[in-house]
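Visitor: Below you'll find the structure I mean.
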Amino acid sequence: MLKQALTQLEDNLSISKTHILTIASRFQEHMEQGLSGNISSLKMFPSYLQAPRGNESGTFLALDFGGSNARAAVVDLKGEGKFLQFNRVVRSLSNPDSGYDLRASDVTGEELFDFLAGIVHKALSVSSFSPVLNSSTSKPVSLGFAFSFPYHQRRIGEGFLLNWGKEIQTSGVVGKDVGQLLSAALRRLGIGNVVRPDAIINDTVAAFLTAAYQDPSVDIASIIGTGHNTCYLEQRAPGFTEPVIINTESGNFSVVPETAYDHSLDQQSNNPGEQLFEKKLSGKYLGELFRQIVLDFFRRGFLGNFAPPACWNHPYAVSSKDMTLILTGEGNHLFPLPEHERYALRRIALLLSKRSARLAAASLIGIIQHLDPHFTKPHTVAIDGSLYEGLPGYAGELTAALSEGLDSNASPVRVKLSAGGTLTGAAIGAALANQPKNL
Ligand code: BGC
């Protein structure tokens, strides 16, 4: 019975070569509709940033908020693609022991942004900039803010949050300009004249900037972590005379095969009907899909004597990190199981991970087809994120799916890991915003 159930699951989760090609073409269509201002599941937000030259230099503050943690640092851009980060401060948005969770709906935007401003203050106060905190004559320090949620902007210094994702519910932020909210919080903290938020940047764009700062061949960047999204350098964006980095918000792409498990996850989420691609692909949701499938197998009696731990009854109790532990075998002590059932759990984790990698590859092919319909130029895709970096076999599956979907005569597509570039990318964004000729 277990064998049949696994075969059935494999059929349901499999993304064939035909699927890859269809998804790629539909992704390309949605990109082009979004770019030309028509209704599309892809929002195609211009970032108001061009590709860096690699010679940007100076010292900047960087802030990164994208989900469970917030980070700040001082970044010294040295030009020639080189940089140094100092005074990195990392804080979790929640602490179960002291009972706070800044992602909850009873928390206000002011409270969240006061927390973020506090992290910036901390990074600043231990840096060589600290004298500016007590001087009324120093020039303010320019800050780049990587904000990893869908927002629209008309210039680089603003960002109006469209909706939260990744199950965040903090009130009073949707519809507001997060640049203004941050500036107001910095003022409340008494450092409004010391720190100047100059650039609001999506984390994919930050990853792009960091990778392209070091390697000018980069033309696409993707995050495959807690959330998922991809940006690329568009040569002909309507309204721009220069190439501009476009944030596709690909997590919301809607044309994707759906299983009953996906449907149930979506219906129980905070944003049913939205982020359907991300919900099949990213770390926030992969663990939850895994939990729902294992519980279903258990209820249907396919898992012998294995009883999932009681905490598994809570949504999102299983993370993609737990899946990594199951796949590497390091979690054997957490899940004491007979070999047969252990195999089943590993197989379920592998099937979900493989589907995620193949879906991501299909969307990348869609972007490459849009950029270069005859595949005549080389392309470099920079990828960051815990799934791509951490899930065993994930990077290999993604590259294999790319080769499967691309014509064998296609020009080379290089995929490179570009880990941890968000803060540096935010600083590069601030540097670009300060150039006389920014977009
Ligand atoms: C957000 C994107 C972000 C991605 C990766 C998604 O949930 O909508 O803006 O880039 O997560 O963090």
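The values are calculated or read from the model by the stated rules, or taken from the named source; none is laboratory data. Keep in mind the model is a prediction, meaning the values are calculated, not measured. Don't worry about glycine lacking a Cβ; one is built from the backbone with ideal geometry, like all the others, and counts go over all protein chains shown.
Visitor: Which fully enclosed helices (runs of 4 or more DSSP H) of the stretch 237-342 have 2 or more residues being within 15 Å of the ligand (Cβ to nearest atom)?
Guide: The helices (runs of 4 or more DSSP H) meeting that bar are 260-268, 278-281, 283-299.
Visitor: How many of the residues in the stretch 37-76 are buried (at least 21 other Cβ atoms within 10 Å of the Cβ) and under 14 Å from ALA427 (Cβ atoms)?
Guide: Residues flagged as buried (at least 21 other Cβ atoms within 10 Å of the Cβ) and under 14 Å from ALA427 (Cβ atoms) within the stretch 37-76 amount to 13.
Visitor: Then there is this: How many residues, within the stretch 224-236, are in contact (Cβ under 8 Å) with a residue 12 or more places away in the chain and more than 15 Å from the ligand (Cβ to nearest atom)?
Guide: Looking only at that region, the number is 3.
Visitor: Could you grab me the full set of residues in the stretch 113-155 that are crowded, with 21+ Cβ neighbours inside 10 Å, among the small types (Gly, Ala, Ser) and modelled with pLDDT under 95?
Guide: ALA123
Visitor: Something else about it: Filter the stretch 237-251 for residues that are of a type in the set (Val, Ile, Thr) and out of contact with any helix residue (DSSP H, G or I) (no Cβ under 9 Å at 6 or more places or on another chain); which is surrounded by the most Cβ atoms within 10 Å (Cβ to Cβ)?
Guide: Among them, the one singled out is VAL244.
Visitor: List, please: which pairs have Cβ atoms under 6 Å, are six or more places apart or on different chains, and start with a residue in the stretch 308-332 that is closer than 19 Å to LYS280 by Cβ and end with one that is part of a loop (DSSP other than H, G, I, E, B)?
Guide: THR324/LEU391; LEU327/PRO392
Visitor: Taking the options ILE201, ILE220, name whichever one is within 14 Å of the ligand (Cβ to nearest atom), within 26 Å of LEU116 (Cβ to Cβ) and at pLDDT 95 or above.
Guide: It is ILE201.
Visitor: Please state which one of ALA211, ALA199, ALA221, ALA206 is touching a residue at least 40 places away in the same chain (Cβ under 8 Å), in contact with a Ser or Thr (Cβ under 7 Å, 6 or more places away or on another chain) and over 19 Å from VAL413 (Cβ atoms).
Guide: Just one listed residue meets the conditions, ALA206.
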